[in-house]
Amino acid sequence: MGYPDKLLHITPPLLPADLVLVPVFSMIIYQLFSGMWVPFVLANLALGLFMAYVCEPLFILLNFYELNSWRLTYSLIYYLLTSSGVWWFVTKLKRVQEKAGFREG
């Protein structure tokens, strides 16, 4: 997996997509579905399918992105595991805060 063209030799051209778009979409899904595990997973599955099988092939077609030995399915798995892991971590952190007497807001 890689980027064939670079604006600067040390940063990939899709760095804004990697560091902004995916996290922002994930945060929106978290805000909408954070209290409900199944809808959260289904929303992240929809986002992962869209990112892995629509956006990434489009970036490949536009020569912004190269798969090399990477597979689109690996991206889907990555999106699902990271979003689920973050959901678990934040949920655990919120429980610790509640036990310690901290309130949101």
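The values are calculated or read from the model by the stated rules, or taken from the named source; none is laboratory data. Just so it is clear, the structure is predicted and the values come from calculations on it, not from any experiment. In this analysis, Cβ positions are derived from the backbone assuming ideal geometry, glycine residues included, and neighbour counts consider all displayed protein chains. Keep in mind that these areas ignore ligands, DNA and RNA; they rest on the heavy atoms of the full protein, side chains included. Shrake-Rupley method; radii C 1.70, N 1.55, O 1.52, S 1.80 Å.
What about V96, is it surrounded by 14 or more Cβ atoms within 10 Å (Cβ to Cβ), among the β-branched types (V, I, T) and in a helix (DSSP H, G or I)?
On the way: surrounded by 14 or more Cβ atoms within 10 Å (Cβ to Cβ): no; among the β-branched types (V, I, T): yes; in a helix (DSSP H, G or I): yes.
Here the answer is no, as V96 does not meet what is asked.
Residue by residue through the stretch 74-90, note down the ones that are of a type outside the set (A, V, I, L, M, F, W, C), touching a residue at least 40 places away in the same chain (Cβ under 8 Å) and farther than 21 Å from P57 by Cβ.
S84
Going through L49, L67, L45, L21 one at a time, which residue ends up being in contact (Cβ under 8 Å) with a residue 60 or more places away in the chain and among the aliphatic types (A, V, I, L, M)?
L67
Which of the residues spanning the stretch 20-39 are in contact with a helix residue (DSSP H, G or I) (Cβ under 6 Å, 6 or more places away or on another chain) and under 13 Å from Y79 (Cα atoms)? Steps first, please.
Taking the stretch 20-39 and keeping what is in contact with a helix residue (DSSP H, G or I) (Cβ under 6 Å, 6 or more places away or on another chain), we get 25-26, 29, 33, 39.
F25, S26, I29, listed by residue number.
Any idea which residue in the stretch 40-76 is nearest to S26 (Cα to Cα), counting only those that are open to solvent by less than 90 Å² (accessible area, probe 1.4 Å) and charged (D, E, K, R)?
Per the criteria, the residue is E56.
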